[in-house]
Each structure stands twice: as C-alpha cells, then as structure tokens.
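The values are calculated or read from the model by the stated rules, or taken from the named source; none is laboratory data. Keep in mind that what you see is a predicted model, and the values were worked out from it rather than measured. Note: ideal-geometry Cβ built from the backbone for every residue, glycine included; neighbour counts use all protein chains shown.
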Amino acid sequence: MEEQILWKIRGLLSPSFDFFFVFATYLGAWNVIYPAAALAGLALYMAGSRGQARLLWALVVTTGFLGEGLKYAVAAPRPELWPWLAEARGYAFPSGHSLAAATFYPVAAHLAGERLPKFRGLFYAGAAALAALVGLSRLVLGVHWPRDVLGGLALGVLQAALAARLNSSLSRKASS
C-alpha cells in the first residue's frame, strides 16, 4: 500500500516541481536546523531569555540523537522505487527531516508567539505548513515511506509539545 501511495504522489506532480521539493527538503535538514536554532537561541540568550535559549539548544540536539538512535534501532530500509532526487543516508525510520521540522518550527513559533501574541496563530500555521511541506518533500523525492514521514512528524510534535510544557514551567519559575 505504501508503494502505491508513493507512486500516486509521484504521478500527481510533474518533474518541473522536483526543484521545489529538493529546496523544501532542505528546510528540514540538520545543516539548516542547527544554524537556525543556534541563531534563535543566541537571540533569546541576548534578550535575557537564557532558560529558553538552553531549552531550544537542548531540544534540537536531543532530537538529533533521538532520530538517529531510532533509525539504528529500527533499521528500516528506504524505498527504492525510482532514483532518489535528494541525498539520503542511513536507515529510513523515522524521517529525520520530518522530525527536525516538526520539532524546531513549532517550538520557534511558540517562542515567537510569546513575544508577539497577535501573530501567534500565523506563526503556528507557518510552522505546521513548513513541517508538512518537509514531510511531503521526503515522499516526493522517493527517500522515505509514508510511515517514516508520519513517524517523524508524530515524534516531532511530541518533542515540540514537551518543549512547550517545559517552557511554561520555566516561565512560571522565572515570574515567581
């Protein structure tokens, strides 16, 4: 069934969209997420939100370890239905790009929404759209099965929810 899903997705899009999805997949790559988190954490740190900065940095690092640890524990092979349109290494489950995007972007949206509550909904919608786009890109490019992407997205949402809860805890402690 997953093979049929991948072929259906691939068939819906013309090759002219390939460049777009190659670009989109980089939005979930660690070489984009790590510098973005480092800069966001630095901005938080400089603004006096040291606990939030540490939380963001720790979250991104632990998310990387979680994803890689699960990949080796599950050892699921990647699909080989057509030549991959992006580089992919290691095992398939969970999709590290999906996990990274579904963790980092919602947490960044949460932190930005605390500072600019008027735009909170827009930040969350943007984060959800980015995570979904990264997940879809992994399917279009042929480097993951749907279960890999869904697993990465689900783990990322759990990580982001945990971070939001920890952030609320830090905020309460800082205000008391």
Original post:
What are the residues in segment 67-94 that are part of a loop (DSSP other than H, G, I, E, B) and crowded, with 16+ Cβ neighbours inside 10 Å, if any?
Top reply: 76, 78, 79, 85, 86, 88, 91, 92, 93, 94
**OP:** Take residue 125 and decide whether it is surrounded by 24 or more Cβ atoms within 10 Å (Cβ to Cβ) and either more than 9 Å from the chain's Cα centre (by Cα) or farther than 18 Å from residue 47 by Cβ (or both).
**Re:** no
Original post:
Restricting to segment 113-149, what's the tally of residues that are in contact with a Ser or Thr (Cβ under 7 Å, 6 or more places away or on another chain) and assigned to a loop (DSSP other than H, G, I, E, B)?
Top reply: 2
**OP:** Take segment 1-30 and flag every residue that is closer than 20 Å to residue 107 by Cβ and at pLDDT below 90.
**Re:** 30
**OP:** State which residue is farthest from residue 148 (Cα to Cα) when the search covers only segment 1-55 and only residues that are touching a helix residue (DSSP H, G or I) at 6+ places or on another chain (Cβ under 6 Å) and polar (S, T, N, Q).
**Re:** 52
**OP:** Output the qualifying pairs, or none if there are none: Cβ atoms under 9 angstrom, residues six or more apart or on different chains, first residue in segment 1-24 and in a helix (DSSP H, G or I), second residue at pLDDT 85 or above and of a type in the set (Gly, Ala, Ser).
**Re:** 6/142; 10/142; 20/137; 21/137; 22/137; 23/137; 24/137
